[in-house]
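One structure below.
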Amino acid sequence: MSSTTLSSTSIKGFSRPLGNLEGFFKSLSDSGKPLNREHWVIHFVLSLKFPPFVTDPIPHLQYAWEILRLRHPTLGAILQEPESNNSRGSLSVGPLNIREWTDNTFIVCPEYADADQLFSTLYPTPTATCYWLPTSCEFVIRSSHWRIDGVGMASLGHEFMTTLAKVVTTNAGAPARDLFLTELLSSPSSVPPSLEDLAIAQSHSKSGEGDPILEAGADELVSIFLRGVPSIGLPTRDPSTAGTVPGPSARVMTSLDVEKTTQVSAACRKMDIKVTSAVHAAIVRVTARFPQHPLCKSYAAFVPVDLRRALDKTATTHTKNVSKVVGLYFSGLPLCVENVFTKSFEEVAQDLATVYGRDLSRFWSPRPSAETQTGDLEGKTIGLLDLAEPYVRRTTALFNSPVPEGLPPVQTPDLSSLGRMESSIKKEYADESNDPNGNRKVEVIDFWVGTEMLTRNVQFHVWSWDGSLRLGASFNTSFYDKGFVAEVMQGVIAELLDGCGIGNGSV
């Protein structure tokens, strides 16, 4: 695969071929088309408080949304179908009419009590969209997963809030507003390159596809996951059968107070593990308590890891200024906890810690073999970025393959960690240059992230904010009852606290 140069289709339009990872998420998106739904659509929800002088926040929100679109054209990108079977299609951004964009993508929803209620009612849209709920004062950014990942969405949320604070502070009238938009439109941004293009541009090996050592490394990664297949899973609701049609998604959420969060963090430091490893271990342990298929003896999954720092660390002159807010810049690390029924909390957590703690820049050391003796990476330590292209090809093929006959359906709970969100989403946003005293600040009361799910997997998200550990779970209501998932969630919290030696597990 060679590096792709973005082509300008018009003065304000761009297109480029889809990367492998984008193509994988496109295939997930396509699977929901017959149902008018879309797997793994990301929702980022901000609960806001405006200063008293803002009697109508809608114009300010619209203006900030327009600026985001101009800075990040991929928000308006649509998928172009492939011209042949050998192509994955392309991302295309057509000429922009900013007013038309706002009319089509900024939706006010006075009929919904809160974003939780909205979450279960939305359907696919060709571009990213946003929703303002005046009753709950919540702002929702929603996008297909082939366009953006969780870390990127958090960064986008921070940028939106920073922009919104400036808009509120200046309270720009129509002439100033139009002038600013005209300046942005005169020098539009382009669609950033795919993960694979950036990885190859910064790789030790420029050969990309076909390098025998990189292919061997990708094979070894996939084999880690396959060791645990079939994985343990959560039981679906009684009416669920192999032919059950996915319905709406829903979510539940819980949190630990600051005191217990501090105690969990201290316990994890003592065990020399990350909090994410402990939360994941609690999910695995609770899942293992349910009846399982006789062949399910291990836990196997892929955990997402953000690659933006790795990309920045190895950036070349050509790639160092590429914006990586809106895009897919992550990979899924395979993990396998074998003999899961015989292991303690700490043993499971330590198994997971070996995966979460891997050095992405010194990720894998090739072993000499007859097939790789001629490889140009012989004897070197390979970074995960070097493996990105062949690894994504293999995982895409794996996920697109049907479950082999005789194995149970995949219903493994997954975990995605957003980490310490205190460094991403602030409690208060003010334009310090024009409002040094913060009299016109916009406050973030809370926020959450959730994904639409069409599979039998429960998708957990964990993050900390304002000193509190937060745990959310998204699921499809055709497979799981909300009350059941809430009970699982409470069980996870109890297991986490017990595993960390903290009381009786009450929140």
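The values are calculated or read from the model by the stated rules, or taken from the named source; none is laboratory data. The shown structure was predicted, so the numbers you read here are calculated from the model rather than taken from an experiment. All Cβ positions, even for glycine, are placed from backbone atoms using ideal geometry, and neighbour counts span all protein chains on display. Surface accessibility is based on the protein's heavy atoms, side chains included, excluding ligands, DNA and RNA. Shrake-Rupley method; radii C 1.70, N 1.55, O 1.52, S 1.80 Å.
A few remarks follow.
- Yes/no for V326 being modelled with pLDDT of 80 or more, open to solvent by less than 10 Å² (accessible area, probe 1.4 Å) and among the β-branched types (V, I, T): yes
- As a summary of the residue check, V322 satisfies the conditions (1) assigned to a loop (DSSP other than H, G, I, E, B); (2) closer than 19 Å to P230 by Cβ except for the one numbered (2).
- Scan of the stretch 433-484 for residues that are farther than 30 Å from T262 by Cβ and among the acidic types (D, E), ordered by number: D435, E452, D481
- One residue stands out among those in the stretch 67-84 that are more than 23 Å from the chain's Cα centre (by Cα) and not polar (S, T, N, Q): the one that is surrounded by the most Cβ atoms within 10 Å (Cβ to Cβ), which is P82.
- For the stretch 270-301, taking the residues that are in a helix (DSSP H, G or I) and more than 26 Å from the chain's Cα centre (by Cα), the one that is farthest from Q459 (Cα to Cα) is identified as K270.
- Total residues in the stretch 407-423, condition outside any strand (DSSP E or B), open to solvent by 20 Å² or more (accessible area, probe 1.4 Å) and in contact (Cβ under 8 Å) with a residue 40 or more places away in the chain: 6
- Subset of the stretch 424-438 [surrounded by fewer than 14 Cβ atoms within 10 Å (Cβ to Cβ) and free of Cβ contacts under 8 Å to residues at least 12 places away in the same chain]: E432, S433, P436, N437
- The residue list T135, T125 contains one member that is within 30 Å of R393 (Cα to Cα), free of Cβ contacts under 8 Å to residues at least 40 places away in the same chain and among the hydroxyl-bearing types (S, T, Y), which is T125.
- Any hit, the stretch 227-239, residues being at pLDDT 90 or above, in a helix (DSSP H, G or I) and within 30 Å of R358 (Cβ to Cβ): no
A quick yes/no check of all residues on (1) free of Cβ contacts under 8 Å to residues at least 60 places away in the same chain; (2) over 22 Å from L21 (Cβ atoms); (3) among the aliphatic types (A, V, I, L, M); (4) in contact with a Ser or Thr (Cβ under 9 Å, 6 or more places away or on another chain):
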residue	(1), (2), (3), (4)
M271	no, yes, yes, yes
P291	yes, yes, no, no
C296	no, yes, no, yes
P304	no, no, no, yes
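- Boolean, P52 is more than 24 Å from the chain's Cα centre (by Cα) and surrounded by fewer than 22 Cβ atoms within 10 Å (Cβ to Cβ): yes
- Filter result (part of a loop (DSSP other than H, G, I, E, B), of a type outside the set (K, R) and under 31 Å from the mean Cα position of the chain (by Cα)) within the stretch 432-459: E432, E452, M453, L454, T455, N457, V458
- Considering residues of the stretch 244-268 that are out of contact with any helix residue (DSSP H, G or I) (no Cβ under 9 Å at 6 or more places or on another chain) and over 20 Å from W40 (Cα atoms) only, the residue most open to solvent (accessible area, probe 1.4 Å): E259
- Helices (runs of 4 or more DSSP H) fully within the stretch 20-139 counting 2 or more residues that are at pLDDT below 95: 20-31, 58-71, 98-105
- Selection over the stretch 240-265 of residues that are without any contact (Cβ under 8 Å) to a residue 12 or more places away in the chain and in a loop (DSSP other than H, G, I, E, B) gives a count of 2.
- Among the residues making up the stretch 104-117, those that are of a type outside the set (S, T, N, Q), out of contact with any Lys or Arg (no Cβ under 9 Å at 6 or more places or on another chain) and surrounded by 14 or more Cβ atoms within 10 Å (Cβ to Cβ) are F106, I107, C109, Y112, D114, A115.
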